[in-house]
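Working notes, structure below.
The values are calculated or read from the model by the stated rules, or taken from the named source; none is laboratory data. Note that the structure is predicted; figures quoted are calculated from it, not measured. Neighbour counts run over all protein chains shown; Cβ positions are idealised from the backbone, glycine included. These accessible areas exclude ligands, DNA and RNA; they are computed on the full protein's heavy atoms, side chains included. Shrake-Rupley method; radii C 1.70, N 1.55, O 1.52, S 1.80 Å.
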Amino acid sequence: VSLNSAQARLSSDGMYHFVISNADPGVPNWLDTIGRKEAFMFLRCQGLRAGGIEEPAVARMPLRDVRKHLPGDEPVVTAQERFETLQRRRLAVYRRFF
């Protein structure tokens, strides 16, 4: 499961907020655990301006509290929008490798 710079959404506060969860939280930058309880996480930052790198912050919380930690204007992603997004990503992978 991954998001690249073209797929991830930059929030209005100038930050990228990723939510790692087994259930879809309805936010743009969701990373699905696909049912796994343990995983490896890799964050690659490149093309950033000098001095612009902040250390990533991680917080564990109930899914119902996620929106409290996001900018108020963070969009809601509907089930249909998520389906369409995943379909586009699958097609892009297929086109690249097959």
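Couple of notes before you dig in:
- Residue count for the range 55-66, restricted to those that are within 20 Å of L10 (Cβ to Cβ) and surrounded by fewer than 10 Cβ atoms within 10 Å (Cβ to Cβ): 4.
- In this structure, S5 does not satisfy being touching an Asp or Glu at 6+ places or on another chain (Cβ under 8 Å), part of a loop (DSSP other than H, G, I, E, B) and polar (S, T, N, Q).
- Residue in the range 32-50 that is assigned to a loop (DSSP other than H, G, I, E, B), surrounded by 10 or more Cβ atoms within 10 Å (Cβ to Cβ) and touching a Phe, Trp or Tyr at 6+ places or on another chain (Cβ under 6 Å) present: no
- Residue check for V1: within 30 Å of L91 (Cβ to Cβ), surrounded by 15 or more Cβ atoms within 10 Å (Cβ to Cβ) and under 13 Å from the mean Cα position of the chain (by Cα): no
- Condition check for V93: part of a helix (DSSP H, G or I), open to solvent by less than 90 Å² (accessible area, probe 1.4 Å) and over 20 Å from S5 (Cα atoms): no
- Residue in the range 58-67 that is more than 29 Å from L91 (Cβ to Cβ), under 15 Å from the mean Cα position of the chain (by Cα) and not in a loop (DSSP other than H, G, I, E, B) present: yes
- Filter result for the condition that a residue is open to solvent by 90 Å² or more (accessible area, probe 1.4 Å) and touching a residue at least 24 places away in the same chain (Cβ under 8 Å), over H17, H69: H69
- Looking across the range 72-90, the residues that are among the charged types (D, E, K, R), open to solvent by less than 100 Å² (accessible area, probe 1.4 Å) and either free of Cβ contacts under 8 Å to residues at least 60 places away in the same chain or under 21 Å from D13 (Cα atoms) (or both) come down to D73, E74, E81, R82, E84.
- Test for A8: is it open to solvent by less than 100 Å² (accessible area, probe 1.4 Å), closer than 21 Å to V93 by Cα and aliphatic (A, V, I, L, M): yes
- Of the numbered criteria (1) under 13 Å from the mean Cα position of the chain (by Cα); (2) farther than 18 Å from L3 by Cα, the one E38 fails is (1).
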